[in-house]
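Below: the structure, in structure tokens.
The values are calculated or read from the model by the stated rules, or taken from the named source; none is laboratory data. What you are looking at is a predicted structure, and each value in this text was computed from that prediction instead of being measured. Cβ atoms come from the backbone with ideal geometry, glycine included; neighbour counts cover every protein chain shown. Protein only, heavy atoms only, side chains kept; ligands, DNA and RNA dropped before computing areas. Shrake-Rupley method; radii C 1.70, N 1.55, O 1.52, S 1.80 Å.
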Protein chains: 6
Amino acid sequence: MNNNLRIALFPGSFDPFTIGHFDIVQRALPMFDKIIIAIGYNSNKTGFFKLEDRVDWIKQAFYGENKIEVIQYQGLTVDCCNDQGAQFILRGLRTSVDFDYECSIAQMNKLMHPHIETVFLLTKPEHTPISSTIVRDIVRHGGDVSDFLPNGIKISISKHQ
Amino acid sequence: MNNNLRIALFPGSFDPFTIGHFDIVQRALPMFDKIIIAIGYNSNKTGFFKLEDRVDWIKQAFYGENKIEVIQYQGLTVDCCNDQGAQFILRGLRTSVDFDYECSIAQMNKLMHPHIETVFLLTKPEHTPISSTIVRDIVRHGGDVSDFLPNGIKISISKHQ
Amino acid sequence: MNNNLRIALFPGSFDPFTIGHFDIVQRALPMFDKIIIAIGYNSNKTGFFKLEDRVDWIKQAFYGENKIEVIQYQGLTVDCCNDQGAQFILRGLRTSVDFDYECSIAQMNKLMHPHIETVFLLTKPEHTPISSTIVRDIVRHGGDVSDFLPNGIKISISKHQ
Amino acid sequence: MNNNLRIALFPGSFDPFTIGHFDIVQRALPMFDKIIIAIGYNSNKTGFFKLEDRVDWIKQAFYGENKIEVIQYQGLTVDCCNDQGAQFILRGLRTSVDFDYECSIAQMNKLMHPHIETVFLLTKPEHTPISSTIVRDIVRHGGDVSDFLPNGIKISISKHQ
Amino acid sequence: MNNNLRIALFPGSFDPFTIGHFDIVQRALPMFDKIIIAIGYNSNKTGFFKLEDRVDWIKQAFYGENKIEVIQYQGLTVDCCNDQGAQFILRGLRTSVDFDYECSIAQMNKLMHPHIETVFLLTKPEHTPISSTIVRDIVRHGGDVSDFLPNGIKISISKHQ
Amino acid sequence: MNNNLRIALFPGSFDPFTIGHFDIVQRALPMFDKIIIAIGYNSNKTGFFKLEDRVDWIKQAFYGENKIEVIQYQGLTVDCCNDQGAQFILRGLRTSVDFDYECSIAQMNKLMHPHIETVFLLTKPEHTPISSTIVRDIVRHGGDVSDFLPNGIKISISKHQ
């Protein structure tokens, strides 16, 4: 029966999914029976990398790990949780600036859907500086980002802009 | 005579005016003889909600309260203060990230117009997560935001974008 | 078999255990099969309230909840986790100042015992200002703190200092 | 009649009262009809400077300013407000670390006495680094602190410890 | 021989170069044998002020100071350092929000080019509120910003947008 | 001649000197001609570890490095700089809470001795959680801290308290 399963949604734009995101999910696996990595997108605003590439990279990173599912969603994260039967939202925290922002989002979600709990893990110290924004910036300027992505992921040049 | 009156300007884009803004103004009423709620706008950049709607919602929220005035302004906030005879700028503080930003603005205003003082009240704990940005985001995704707005305000669908 | 159980340690000095602590544990219950509330003490440094009172208050607060256990410990929190078979440390986060401190502790624990994960929940907005330090301060000055403690807990006057 | 007066309490240990505190009070004078500078003390814990000296220095600093009163108090700040008929607590904010702490205190006071409002002014940029703690530290090490105190205040050597 | 020289790059968009930037460079001069002020630009995204004006204003500000060089660059800052033979990146820090951002950038640069060190000076208290963003905002609204720029710099009206 | 040398003071209580401190000094060596590691002590307040041990551990860590000198001092750090002919104070920054504190100290030092400049390097991500306070805490509880100290340093049990 489904009620006994602990299902977490790990939402984000993952533009791209970094080694920091990967590590958070790996460490959260023992806590949950299933983790749904949910790429939020917006039909009016394209990302830097193609949505299908972002999905593929994440699937590749977790190849063979059957507790992981990768989906795309539009709309409110809490609505996506309800659709997926997830009682938990999983988030990583990097810095105290992050904290203030994440805090507002999590508390608003809680006000709207009190039965959904947001659970935070801390980014490992060595992953703290790695954000998708900075990774995109390095790609944009022609730098090599392979050290900042999950093992074996090659960022293709088929980026949007 | 005007000199003896304590007049405060409460500036913002109020896109939209939240229950948090409302509470700050209510609590500040005993401190001032008049509070001017001043919606800053920019002819080049339209907001999410129509300017006239934003004005209406605020007027509705304070209906019958004769110490409140609602205006629109362009240009520098300190110039608007001078035009309105306001010696005080009223601001709410939500988080420490807010603080650093508000601090820079207030100190710059003070450097330009030393006789104008910015006065801060703290957002109530239960209003801390409510920001206009997050409220807009929920509206954009089809969520219900009536709990985050002053009593009785219905956000119409005549939004800009 | 024990391996399949998800056991979390909720460590602190709980001097006293506040309504904020109580709420964090309540919200974490669905995530874990057992939560051990562990009062860290130091034989050289007595707390404000008696250790036995602190234990009693927590037991009272969770009376009838069989997933909760209350213990005392000395020494490193990670050693206590190993002794108790807990793979998770549960912590509440209130503010961004909290965050920087909790972050250092959690990351050091991780460096020493990589298999133990620290999991954070956010304090509810209305509990954000409530810390044990401030509660003690109010008690010290003769104020009433019953609103800041779990339901029905009466702080006795048998405090240490 | 008293009800129409706006009375603020400016509480602190003022050990010592710095040029930063002085500036906050000066700038707040136009907002209030009376400002009561209230030195909180604790019979169990002596300060670095003698209580009577701290009182004298503040009186000297505001000599001739009839909207200022200087008092000492024990117990809760909100109780002192009630005793003095003050509806406002005045505080200065220096940094974002300050902010998180002041925020908790102000919100707790509000929970206990909803009719008392805490009002914040920002420390001027050039006074930001000046805290009583650092001033005491310089005195302890034999440095000259006269630039960090209100004009004309000479810190005597009759300090406690 | 070049190896013995200590060369620092001071990168930024300097849109515009403020009195705060100027002060950081002045104070860093005794530490380095040469400071290269490097205006990063992006062919897809024009700034508020013309690139050539920004270069001119900086050159004017340091007229006669032969340890200063002004350049423009595209691409990664660390690559620019390598091209210029700079082992150091110089940055100013204003606030703790600044800190978290600068920290991520500096640590990422260090991960990519371990031999390049980022060195921070703190903005003087009186310059803390002055950021290029706020200066642009004042210009946009018709305010006078000459106090916030290096001595003698007159912002021309030939701005981009 | 002395004037041309760039001499930095690296002050702290170093109770104990961690691998984080070590790394900051190593990375700062190319910037300066001499770095004086200055252990501040207070005759009224003993540290956790013996002063002579703290000195020895630092000397051991930098054995053979002739740009390093280790001293003890009492009184103001800026006075120590003047005595030692140091124009620079070197500090490491770990977190944004650190930042606000370090900022106040550095700005006060600058107000007292404008010719002395405080220079900051950022702690490496993997050293961010390591503070002397946490290391002492682990020692106090019987944990192993050798990973958090410079290579080869063995913390003896001859600690003070």
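Of the helices (runs of 4 or more DSSP H) entirely within segment B:43-145, those holding at least 3 residues that are away from chain A (no Cβ under 14 Å) and open to solvent by 20 Å² or more (accessible area, probe 1.4 Å) occupy B:51-61, B:77-84, B:96-112.
Would you confirm whether or not segment A:4-13 contains a residue that is within 23 Å of A:Lys124 (Cα to Cα) and open to solvent by 30 Å² or more (accessible area, probe 1.4 Å)? Checked against the condition, which is being within 23 Å of A:Lys124 (Cα to Cα) and open to solvent by 30 Å² or more (accessible area, probe 1.4 Å), segment A:4-13 yields at least one hit. Within the option set E:Ile39, E:Ile68, being β-branched (Val, Ile, Thr), within 30 Å of F:Ala86 (Cα to Cα) and at pLDDT 95 or above holds for one residue only, E:Ile68. Every condition in (1) surrounded by 21 or more Cβ atoms within 10 Å (Cβ to Cβ); (2) part of a helix (DSSP H, G or I); (3) among the charged types (D, E, K, R) is met by F:Asp23 except one, and the failing one is (1).
Does at least one position in segment B:27-35 carry a residue that is crowded, with 21+ Cβ neighbours inside 10 Å and assigned to a strand (DSSP E or B)? Yes, segment B:27-35 has at least one match. Any residue at all in segment D:122-129 that's under 16 Å from the mean Cα position of the chain (by Cα) and modelled with pLDDT of 95 or more? Scanning segment D:122-129 turns up no residue that is under 16 Å from the mean Cα position of the chain (by Cα) and modelled with pLDDT of 95 or more.
Among the residues of segment E:88-95, not a single one is under 16 Å from the mean Cα position of the chain (by Cα), under 13 Å from E:Ile19 (Cα atoms) and hydrophobic (A, V, I, L, M, F, W, C). Of all residue pairs spaced 6 or more apart or on separate chains, those with beta-carbon atoms under 6 Å, a first member in segment B:59-85 that is on the phi > 0 side of the Ramachandran plot and a second member that is in a strand (DSSP E or B) and open to solvent by less than 60 Å² (accessible area, probe 1.4 Å) are B:Gly85/B:Ile7. Would you point out the residue of segment A:146-156, among those that are buried (at least 16 other Cβ atoms within 10 Å of the Cβ) and within 14 Å of chain E (Cβ to nearest Cβ), that is nearest to the chain's Cα centre (by Cα)? Per the stated criteria, the residue is A:Leu149.
For the condition under 25 Å from A:Asp137 (Cβ atoms), in contact with a strand residue (DSSP E or B) (Cβ under 6 Å, 6 or more places away or on another chain), touching a residue at least 40 places away in the same chain (Cβ under 8 Å) and not acidic (Asp, Glu), E:Ile24 qualifies.
The set of residues in segment D:43-58 being in contact (Cβ under 8 Å) with a residue 60 or more places away in the chain and either on the phi > 0 side of the Ramachandran plot or not charged (D, E, K, R) (or both) consists of D:Thr46, D:Gly47, D:Phe48, D:Phe49, D:Trp57.
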